[in-house]
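Quick notes on the structure that follows.
The values are calculated or read from the model by the stated rules, or taken from the named source; none is laboratory data. Keep in mind it's a predicted model, so treat the numbers as computed, not measured. Please note: Cβ atoms are built from the backbone with ideal geometry, for glycine as well, and neighbour counts cover all protein chains shown. Just the protein is used for accessible areas: all its heavy atoms, side chains included, with ligands, DNA and RNA removed. Shrake-Rupley method; radii C 1.70, N 1.55, O 1.52, S 1.80 Å.
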Amino acid sequence: SRSKVNLVIVAMNLCVFLVLEVLGNTQNAQFMAEHGAFYLPWVMEYGEYYRLFTSMFLHFGIEHLFNNMLVLLFLGDMLEKEVGKLRYLIIYLVGGVAGNVVSAWHSYRVQDYAVSAGAPGAIFAVIGALLFVVAIHRGRLKQLSGRRLLLMAALTLFQGFTSMGVDNWAHIGGLVSGLLLGAALFNWKKWATGR
């Protein structure tokens, strides 16, 4: 069976993208900021904290959306099967917001305010939680090895640090919070009794 919560999240991202494409240009920072993308000065001046959440469902252009959703379909599916629907939802949403909080803290620190959007914090939270689950399963989980997962996270971070407009602090914040959430929400009792 497919993972329902993950599919709903992917569908929501697609729907939001299509609606915004019809209304305007998803590659335009001003347009995206007006429709819920994250922009720290507006959060600080007008108290628009909801942007920490809404920006997770917005994407700059079809390529941005496609790359994020492809990773999510594969990894989110695996994590949801491992931890269950509710735990998966918590990891995705809380990890995504945590990634955005870390990103906001960084942009405030360096006084560099860009309009940001996308699901990278949430996706990295999924990767972080999966890394934890893989570690608990002694480095393997069905068709996924810890080495493969680490390599993917490292490559994505490297690509982020070497290309423009990628929010690496959201990646890092998501990854760390995903690891912590994975550990906090893991079904230790079931694991201890040999599943």
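Relative to the longest principal axis of the Cα atoms of the chain, the long axis of helix 168-185 makes an angle of roughly 40 degrees. Take the range 30-103 with all the other protein chains still there, run a 1.4 Å probe, and you get 45 Å² of accessible area per residue.
State, as an integer percentage, the relative contact order of the range 1-131 based on alpha-carbon contacts under 8 Å between residues 6 or more apart.
After rounding, I find 35 percent.
Once the Cα atoms are used to define both axes, helix 61-83 deviates from the longest principal axis of the chain by about 30 degrees. Cross-link partners for LYS85 among the aspartates and glutamates, with Cα-Cα distance under 18 Å and sequence neighbours closer than 8 places in the same chain left out: ASP77.
Between the helical axis of 85-110 and the longest alpha-carbon principal axis of the chain there is an angle of about 50 degrees.
Rolling a 1.4 Å probe over the protein heavy atoms of the range 1-146, with every protein chain left in place, gives an accessible area that is 65 percent carbon and sulfur. Projecting the Cα atoms of ALA183, LEU151, TYR50 onto the dipole axis of the chain, where Lys and Arg carry +1 and Asp and Glu carry -1 at the beta carbon, places ALA183 farthest toward the positive end.
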